1. Taking region 240-265 only, how many residues are assigned to a strand (DSSP E or B), surrounded by fewer than 21 Cβ atoms within 10 Å (Cβ to Cβ) and under 42 Å from the mean Cα position of the chain (by Cα)?
2. Taking region 128-141 as the region of interest, how many residues are in a strand (DSSP E or B) and either closer than 17 Å to A217 by Cβ or touching a helix residue (DSSP H, G or I) at 6+ places or on another chain (Cβ under 7 Å) (or both)?
3. When the residues of region 106-133 are filtered to those that are modelled with pLDDT of 85 or more and acidic (D, E), which remaining residue is nearest to the chain's Cα centre (by Cα)?
4. Conditions: (1) surrounded by 13 or more Cβ atoms within 10 Å (Cβ to Cβ); (2) touching a strand residue (DSSP E or B) at 6+ places or on another chain (Cβ under 8 Å); (3) more than 30 Å from T83 (Cα to Cα). E145 meets all but one. Number of the miss?
5. Within region 281-297, which residues are more than 14 Å from Y221 (Cβ to Cβ) and surrounded by 15 or more Cβ atoms within 10 Å (Cβ to Cβ)?
6. Looking at this structure, is V203 in contact with a strand residue (DSSP E or B) (Cβ under 8 Å, 6 or more places away or on another chain) and without any contact (Cβ under 8 Å) to a residue 24 or more places away in the chain?
7. State yes or no: is G163 in contact with a strand residue (DSSP E or B) (Cβ under 6 Å, 6 or more places away or on another chain), assigned to a strand (DSSP E or B), within 27 Å of M265 (Cα to Cα) and not hydrophobic (A, V, I, L, M, F, W, C)?
8. Tell me the residue from R190, R173 that is on the phi < 0 side of the Ramachandran plot and part of a helix (DSSP H, G or I), please.
Amino acid sequence: MTFGDVLYFVGFHVEYTAVRVGRGTAFWLRELARALVQLLAVVLRPPVRAAADFRAALIHPHRLVGLLLPLAAGAALVFYVRTTLAQPFVLRVEVGGQTVGYLPGEQAFEAARADVQARISGAADWDIQPEYTLVWGAGVQTMTERETADAILRAAGGDITEGTAVYIDGTLRYITTEGDHLRRCLYAVRQLWQAEGTQTDFVHPLRLVDGIYPAVAVTPYGTPIYAADAGTVIAAQWHNHPTASWGYYVEIDHGNGYKTLYGHMSSFVVQTGQTVTKGQLIGYVGATGTATGNHCHFEMYYNNALISARNVFPDI
């Protein structure tokens, strides 16, 4: 095969391939144009038909009603949906079928319900299950979570009282009716360490919240205090301390290495050296000394070392 034959062979195949590619490209361009024409016909058919129907309706007015009704219905639907979505909605809070107030959203409701459960925790015979319904909220005055929790407790029908909840590290620890006294006491404690240009605070975040609480959750002034076990009273007196006084307190030696101490009493009814039995009345709850409200300050010692009372009384 000569060099000329090679050139002829290459040229022939290049030309043949170019012709095939050209014919294939032309074929697919024709198919694409045909598909576009068909798609355009499908797209334009409804408006063209609608235009024809509209022209016919202009000639025959009774047909115009049939064209305008669907358009009016569609416009009314769009207007209703947009108007409804733009309206403010609130949650109507109910307890036992009784409306107690309104909240702006579900998150606020869950916060109010959690607040109620924290307030009634440990209160026997208290079981409150508030519910809500989504309602139109135009002109409705909503409440805060705390106001809603107060309203829920009022509507529950149990024995309630005003008090101050003490939260430590975000957890409700106890409830007192001496909120103002507690605030003054805490302020006085901080003042001992506060200097000009220095801000002091408690190691554990502490928050006081006034509100409505079950009466059984609040330790009332004058609640009886009983001896944890039999023993001999080794102290029944006032505790002298400038910043951390137990006030009126009683200390009992139980004779088995254990001692118990009961502080902040409003008064005591035993004397030093007196023998007492388990469960015997020894005094009454108060807030004497450095107290944060009515409560019994209870301490336990074993072999003169302070121990946790929960080691002996797990349910305390």
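The values are calculated or read from the model by the stated rules, or taken from the named source; none is laboratory data. This is a predicted model, so every value here is computed, not measured. Every residue, glycine among them, receives a Cβ derived from its backbone with ideal geometry; neighbour counts consider all protein chains shown.
1. Within region 240-265, residues that are assigned to a strand (DSSP E or B), surrounded by fewer than 21 Cβ atoms within 10 Å (Cβ to Cβ) and under 42 Å from the mean Cα position of the chain (by Cα) number 3.
2. 1
3. Among them, the one singled out is E110.
4. Only one criterion in (1) surrounded by 13 or more Cβ atoms within 10 Å (Cβ to Cβ); (2) touching a strand residue (DSSP E or B) at 6+ places or on another chain (Cβ under 8 Å); (3) more than 30 Å from T83 (Cα to Cα) is unmet by E145, namely (3).
5. Those that are more than 14 Å from Y221 (Cβ to Cβ) and surrounded by 15 or more Cβ atoms within 10 Å (Cβ to Cβ): I282, G289, T290, H297.
6. Taking the combined requirement at face value, the residue does not satisfy it.
7. Taking the combined requirement at face value, the residue satisfies it.
8. That would be R190, the only listed residue that is on the phi < 0 side of the Ramachandran plot and part of a helix (DSSP H, G or I).
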